[in-house]
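*Asks:* Here it is, the structure, as structure tokens.
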Amino acid sequence: MEENLDLTKLDQIVEEAGEGKRSLIPVLQRAQRVYGYLPPEVLRLIADRLEVALSKVYGVATFYSQFHLTPRGRHIIQQCDGTACHVRGAARIIAAVERGLEIKAGETTPDLKYTYEVVYCLGSCALAPTAMIDDRVARGLTPEKMLDIIKNLD
């Protein structure tokens, strides 16, 4: 079990959401907001408190892309590789960011500063290639522009 995890917060989360399997998704959402992700001990306690099989809790947590079972970076970078972005050079941007951050898409840097993900449409096709960086859209990207944006995040 992780040392710095205050699991007493889960009792309040469950109390506010209510018990039973109908509360599973809201409890997972709130727990993730509190802990930043859903570590195994949190999932076990949720299963216990809601009286839901642990396999069901894991099934829901792994089915929905909104839930994360590993720690995420302080900065979330989502590079679009949908059709418009792809034909306008997203693959070059992805390769440059992977080299620059020394991680692959879908990973988080060891210092937990960046999580880098490839997504398949941000709904900004006219501005391609685009990325979502900490809930802000970056548009008309090049590999150089993207690396510069990342370098200046802090």
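The values are calculated or read from the model by the stated rules, or taken from the named source; none is laboratory data. Predicted, not measured: the structure shown is a model, and the values here were computed from it. Quick reminder, even Gly has a Cβ in these numbers, built from the backbone with ideal geometry, and neighbours come from all protein chains shown.
*Asks:* How many residues, within the stretch 119-145, are within 19 Å of the chain's Cα centre (by Cα) and over 11 Å from ILE76 (Cα atoms)? Can you show your working first?
*Replies:* Taking the stretch 119-145 and keeping what is within 19 Å of the chain's Cα centre (by Cα), we get 119-123, 130-138.
Next, from what is left, pick out any that are over 11 Å from ILE76 (Cα atoms): 119-123, 130, 137-138.
Within the stretch 119-145, residues that are within 19 Å of the chain's Cα centre (by Cα) and over 11 Å from ILE76 (Cα atoms) number 8.
*Asks:* Please work out if GLN32 is touching a strand residue (DSSP E or B) at 6+ places or on another chain (Cβ under 8 Å), of a type in the set (S, T, N, Q) and surrounded by 12 or more Cβ atoms within 10 Å (Cβ to Cβ). Reasoning before the result, please.
*Replies:* On the way: touching a strand residue (DSSP E or B) at 6+ places or on another chain (Cβ under 8 Å): no; of a type in the set (S, T, N, Q): yes; surrounded by 12 or more Cβ atoms within 10 Å (Cβ to Cβ): yes.
Criteria not met by GLN32.
*Asks:* Out of CYS121, CYS125, which single residue is surrounded by fewer than 17 Cβ atoms within 10 Å (Cβ to Cβ), touching a residue at least 12 places away in the same chain (Cβ under 8 Å), touching a strand residue (DSSP E or B) at 6+ places or on another chain (Cβ under 7 Å) and under 14 Å from ARG88 (Cα atoms)? Quick ask: steps written out before the conclusion?
*Replies:* Numbers: CYS125 fails: touching a strand residue (DSSP E or B) at 6+ places or on another chain (Cβ under 7 Å).
Answer to the selection: CYS121.
For (1) surrounded by 14 or more Cβ atoms within 10 Å (Cβ to Cβ); (2) of a type in the set (Lys, Arg); (3) under 19 Å from ILE13 (Cβ atoms); (4) in contact with a strand residue (DSSP E or B) (Cβ under 9 Å, 6 or more places away or on another chain), each residue gets a yes or a no:
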residue: PRO39; (1), (2), (3), (4): yes, no, yes, no
residue: ALA61; (1), (2), (3), (4): yes, no, yes, no
residue: PHE67; (1), (2), (3), (4): yes, no, yes, no
residue: ARG74; (1), (2), (3), (4): yes, yes, no, yes
residue: GLN78; (1), (2), (3), (4): yes, no, no, yes
residue: CYS85; (1), (2), (3), (4): yes, no, no, yes
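*Asks:* Next question. Give just the number: which of (1) assigned to a loop (DSSP other than H, G, I, E, B); (2) at pLDDT 95 or above does ILE77 not satisfy?
*Replies:* (1)
*Asks:* I would also like to ask the following. Could you please find all residues in the stretch 88-118 being small (Gly, Ala, Ser), more than 12 Å from the chain's Cα centre (by Cα) and at positive phi?
*Replies:* Answer for the stretch 88-118, where residues must be small (Gly, Ala, Ser), more than 12 Å from the chain's Cα centre (by Cα) and at positive phi: just GLY89.
*Asks:* Looking for something more than 27 Å from LEU38 (Cβ to Cβ), modelled with pLDDT of 95 or more and in a loop (DSSP other than H, G, I, E, B) - is there at least one such residue anywhere in the stretch 86-100?
*Replies:* Within the stretch 86-100 (the criterion being more than 27 Å from LEU38 (Cβ to Cβ), modelled with pLDDT of 95 or more and in a loop (DSSP other than H, G, I, E, B)), the answer is yes, since at least one residue qualifies.
*Asks:* Among the residues of the stretch 19-68, count how many are closer than 21 Å to THR108 by Cα, polar (S, T, N, Q) and in contact (Cβ under 8 Å) with a residue 12 or more places away in the chain.
*Replies:* Number of matching residues: 3.
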